[in-house]
Protein chains: 2
Amino acid sequence: MARTGRPREFDRQAALDAALTLFWKQGYEPTSLNQLKEIMGGISPTSFYAAFGSKEKLFEEVVELYRSTEGRVTDILFDDEISPRSAIERCLRQSAKMQTDPSHPLGCLIVSGASNCGSTGNRVVELLKSIRRKNHEAIKSQVRRAVAIGDLPNSTDIEGLTEMFSTFLVGISTAARDGANRANLDRSIDQIMALWGKR
Amino acid sequence: MARTGRPREFDRQAALDAALTLFWKQGYEPTSLNQLKEIMGGISPTSFYAAFGSKEKLFEEVVELYRSTEGRVTDILFDDEISPRSAIERCLRQSAKMQTDPSHPLGCLIVSGASNCGSTGNRVVELLKSIRRKNHEAIKSQVRRAVAIGDLPNSTDIEGLTEMFSTFLVGISTAARDGANRANLDRSIDQIMALWGKR
DNA sequence: GTAGTTCCGTATCAACCGATACATAAGTAG
DNA sequence: CTACTTATGTATCGGTTGATACGGAACTAC
């Protein structure tokens, strides 16, 4: 049975895609409702709030969309089927490739999407921070697993190595926004991964 | 001869210090004139604009203040009197220490002070970006010098190694804001600097 | 004293912020 | 047809943004 009521006149998914692009480029707070409404197909405020609830809820939905598309480059950190080294290296390389891809805004929405926020944006800041924290923990699990399976020596400083990869990973967003290209980032990953084989 | 006219009733330097703290914590755009006026001694709008010109000019002055105080941790990147390795390592360690110091806001004003900006903040974004670019170039000069003096082999990938240190450096700001402590960051620097001795 | 200079407090500006009210249009259900 | 449901367009809400106008206060110069 078809849904009752007047049908929606704009493409909700297309509007969400457009909102992702805008939030990705500008961040949460500087992106205004007027900009969103315009890029989302010139919809009216009523349509906006009926379809998405609020700016904050839209952002949360956008983060989910990002995580299920471009943002999946970090999913491999949670993969225990491949080698720990491969998980971390591939995460870094995929992130570098994705974040420098000119077909969408530069950098990472999770890192740079809400770094400057006033008091109204606290929930959004915490949302992104919790995702970063999970990635950090996933890196730690991989390093720990590498030690457990003998791929890294028992003397390995797990916290130190984890923090190194984690800090580098979040740094990619600023680097990409500052104009670092994929080739240079890939070579920097060659360098940082050399640590793994040199001890 | 003393200056003519009614004397200023607030401490301009103290106001500037307070503005630095607020911008550092919240970033450029989310920090409002009302917040600034209040923390700067409860001054009036007239006093604010007479003394600092505009919000943007105040921020530029705040950046200068930061660069001449806490922000000096990166100055050592421009020092050609010490060894390249020492210049980079000390920059990283000083940055990690400074950015996790609880006596002031976490992270780095140059990296995180204006990452989310609308069209009005473009000049500010470019100002910070240009500073980051200079740091990146300074790292490159140090790596190049290291190769020149034989501290790194001729086969060194200068671009790759530079990007690695530069990306890690900017990553410290997000890491610190996410709660990384100094000890862990220091150990991560142990790890990343080990590259220098392992080839 | 008076003139000139600089700063201060209050009141206010136009523009924009996120969010709603209200009436109406377009569909389904019976 | 009427009743119900859902989306739409316009007009507007109260609040905040960065920035000014204007008159008066506090100082120096002479």
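A few remarks follow.
- Among the residues examined, A:Gln94 qualifies as away from chain B (no Cβ under 14 Å), away from DNA strand C (no atom under 16 Å from the Cβ) and among the polar types (S, T, N, Q).
- For region B:51-83, the set of residues classified as in a helix (DSSP H, G or I) and either touching a residue at least 60 places away in the same chain (Cβ under 8 Å) or basic (Lys, Arg) (or both) consists of B:Lys55, B:Glu56, B:Lys57, B:Phe59, B:Glu60, B:Val63, B:Arg67, B:Arg72, B:Thr74, B:Leu77, B:Phe78, listed by residue number.
- Complete set of residues in region B:25-69 that are of a type in the set (Lys, Arg) and under 17 Å from B:Asn122 (Cβ atoms): B:Lys55, B:Lys57
- Each residue in region B:26-44 was checked for being in contact with a Leu (Cβ under 7 Å, 6 or more places away or on another chain), near DNA strand D (Cβ under 10 Å from one of its atoms) and under 22 Å from B:Arg8 (Cβ atoms), and 2 of them qualify.
- Condition met for A:Gly71 (under 24 Å from B:Ile172 (Cα atoms) and within 16 Å of DNA strand D (Cβ to nearest atom)): no
- Subset of region B:26-63 that is hydroxyl-bearing (Ser, Thr, Tyr) and crowded, with 16+ Cβ neighbours inside 10 Å - its residue that is nearest to DNA strand C (Cβ to nearest atom): B:Ser47
- When residues of region B:1-25 are limited to those that are among the charged types (D, E, K, R) and either surrounded by 17 or more Cβ atoms within 10 Å (Cβ to Cβ) or under 17 Å from B:Ile110 (Cα atoms) (or both), the one farthest from DNA strand D (Cβ to nearest atom): B:Asp17
- B:Trp196 passes every criterion in (1) modelled with pLDDT under 95; (2) under 18 Å from the mean Cα position of the chain (by Cα); (3) of a type in the set (Phe, Trp, Tyr) apart from (2).
- Residue within region B:92-104 that is farther than 15 Å from B:Gly27 by Cα, among the basic types (Lys, Arg) and crowded, with 16+ Cβ neighbours inside 10 Å present: yes
- Residues of region B:138-151 that turn out to be part of a loop (DSSP other than H, G, I, E, B) and closer than 21 Å to B:Thr74 by Cβ, as a count: 1
- In the set B:Leu152, B:Leu185, B:Leu169, only one residue is within 11 Å of chain A (Cβ to nearest Cβ) and more than 30 Å from A:Thr31 (Cα to Cα); that residue is B:Leu185.
- Residues that are crowded, with 24+ Cβ neighbours inside 10 Å and more than 18 Å from A:Arg93 (Cβ to Cβ) do occur in region A:163-170, at least one of them.
- Looking only at region B:39-59, residues that are within 14 Å of chain A (Cβ to nearest Cβ) and out of contact with any helix residue (DSSP H, G or I) (no Cβ under 8 Å at 6 or more places or on another chain) come to 0 in all.
The values are calculated or read from the model by the stated rules, or taken from the named source; none is laboratory data. This one's a predicted model, so the numbers in the text were calculated from it and none came from an experiment. Reconstructed Cβ throughout: ideal geometry from the backbone, glycine too, with neighbour counts over all protein chains shown.
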